[in-house]
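Values quoted throughout were computed directly from the atomic coordinates according to the rules given, and no laboratory measurement underlies them. The shown structure was predicted, so the numbers you read here are calculated from the model rather than taken from an experiment. Cβ placement follows ideal geometry from the backbone for every residue including glycine, while neighbour counts extend to all protein chains displayed.
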Amino acid sequence: MKTSGSLLDRLKADREAALLADFPFEFDTLVEAFGPLTHVEPVRLASGAPLEPIAKDHGGGTYFLCGEGDDEHRPVLFADSEGSAGLIGTNLRDALLLLIALPCADEALHWEKAGREMDEQALIALRDENDAEYIEATELEDLPGMRTELLNRLGLAPAPPLTALLARARAAAALNPSYVLINEHGNTYRQD
């Protein structure tokens, strides 16, 4: 397991990790090999801070590093192709942990806002339910094994408890008002 260099560098240097990140976790850094990584339209942060595209999802959405500094300390914003955007991690490590270990974090935050207690057991049940639906739709054989392999390859294993990951998702969501995304026509992306 390689642990030196930034997570993004490690992901790009390890083809197997990059393939796993792309499928099934929809964090495609390989698309860069086919040309510049761009969003579906020109966008910028309302603050004027730099925005660096780093990966795509399968629906045309783009992951961006926000601001300046090294890859490990900049927030990660996801903008979908339909006009919504929001932070998915206060840094790249947290964003990747959430995408890999708790991909249903948005749904968990929604349930939490609706008054449902999201303790470790509830989060495991929610993730297992989402995993089962994904496995059925894709006929994927070993999603949990793929999750473990990618976490290991990136030096992120063992993953923190899911409640700790949900707290990180909560922290990122709280910063959303500081990371407003605007397109070239001045239209603001919705923050979910």
If ARG147, ARG170 are placed from fewest to most neighbouring beta carbons inside 10 Å, the sequence is ARG170, ARG147
Using distinct alpha-carbon pairs, which all enter the 1/r mean, Kirkwood radius of region 52-130 in Å: 13.6
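Counting Lys +1, Arg +1, Asp -1, Glu -1, what net charge surrounds ILE88 among other residues with beta carbon under 10 Å of its beta carbon?
-1
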Diffusion constant of region 98-192 at 10 °C, which comes from Stokes-Einstein with the Kirkwood Cα-pair radius and 1.306 mPa s, µm²/s: 105
Fraction of antiparallel bridges per DSSP, the chain only, in percent to nearest 5: 90
Among PHE78, PHE25, PHE34, rank each residue by its count of other Cβ atoms within 10 Å, from fewest to most, as a rough exposure measure. PHE34, PHE25, PHE78
On alpha carbon coordinates alone, what is the Rg over Rh value for region 7-186, Rh being the Kirkwood radius? 0.95
